[in-house]
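Single-structure report; data block below.
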Amino acid sequence: MRYQGGKVKASRYYAPMFNEFIRRHGFVNYVEPFCGSLAVAEKIKCENIICNDANDYLITLYKALQKGWQPPIHINRKDYYKIRSNQKSFDPELVAFAALCGFGGCWFGTYATGGERARLKILLKGRQGEDCSNEVFKSLIRLQLIIANWQFYNLSYDRVKTPSKSLIYCDPPYENTFGYKAVEGNFNSILFWNWVRSSIKPDNLFIVSEYQAPEDFVSIHSFRSNQINNGVEHGGLKKCDKLFIHKSQLNLIK
Ligand SMILES: C[S@@+](CC[C@H](N)C(=O)[O-])C[C@H]1O[C@@H](n2cnc3c(N)ncnc32)[C@H](O)[C@@H]1O
């Protein structure tokens, strides 16, 4: 599923690495304080999976799926804009579903038809496009089985519990990038890094995705891709996404 800042491509590399850390250290919890579209979490093998996001519509959607809610197979342009302009009149899970059908995975971006998507794909990659809302539908139906026993929270990241024996993967809004429409306020990266420092315990491993980090954090992996960020595909302009850990935890990854 396309999502602003989503890690669909990177997850193919990150998830096996995280699964290996989980296995090696006997972690029993996998925690994602900024879970977004669950692109990484859905590939994780761990006893307990705890996901959080400040976007309340998104978390309501995941909880609704856990209760058996069936998303629509398709959403047309007219309904999309009707939901977008009257969000309070619709069930929050339907609002989230519609929002995910925005162009380029951008929350309530321009309505993405197969035609628009097809044109973009042909332009960028020479590939055929498809019906975007049906693609979101299929992704959610697949997720429904995977997330059945997960715990979901709708909190600010700094209120998420990080129990012992946890691998905590943070994929926050990146510094100096546009914010997230569905989340109020500007993200403060300095406070975020301080929170990571103060939450580190001997039996936890924190891994953070960012382009850059303060000096006491070390890059353990780089991923270069035409990734979607802020709903814009950086065509030729390739950004290097990195995974960081605090230098005091380096011994855990050797
Ligand atoms: C880079 S995206 C995560 C993408 C996710 N890894 C994926 O693959 O889809 C960052 C997420 O952080 C959420 N967010 C923004 N501010 C937050 C906050 N203060 N606390 C928790 N989540 C927040 C946004 O709603 C967004 O889903």
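The values are calculated or read from the model by the stated rules, or taken from the named source; none is laboratory data. No experiment lies behind these values; they were computed from the predicted model shown. Neighbour counts run over all protein chains shown; Cβ positions are idealised from the backbone, glycine included.
Just the residues that are of a type outside the set (S, T, N, Q), at pLDDT 95 or above and part of a helix (DSSP H, G or I), please, taken from region 82-112.
Within region 82-112, LYS82, ILE83, ARG84, LYS88, PRO92, GLU93, LEU94, VAL95, ALA96, PHE97, ALA98, ALA99 meet the criteria.
Considering only region 56-79, I want to know if a residue exists there that is part of a strand (DSSP E or B) and buried (at least 20 other Cβ atoms within 10 Å of the Cβ).
no
Out of region 154-196, which residues are surrounded by 14 or more Cβ atoms within 10 Å (Cβ to Cβ), farther than 19 Å from GLY5 by Cα, away from the ligand (no atom under 11 Å from the Cβ) and not aliphatic (A, V, I, L, M)?
LYS161, THR162, PRO163, LYS165, SER166 - these are the residues of region 154-196 that are surrounded by 14 or more Cβ atoms within 10 Å (Cβ to Cβ), farther than 19 Å from GLY5 by Cα, away from the ligand (no atom under 11 Å from the Cβ) and not aliphatic (A, V, I, L, M).
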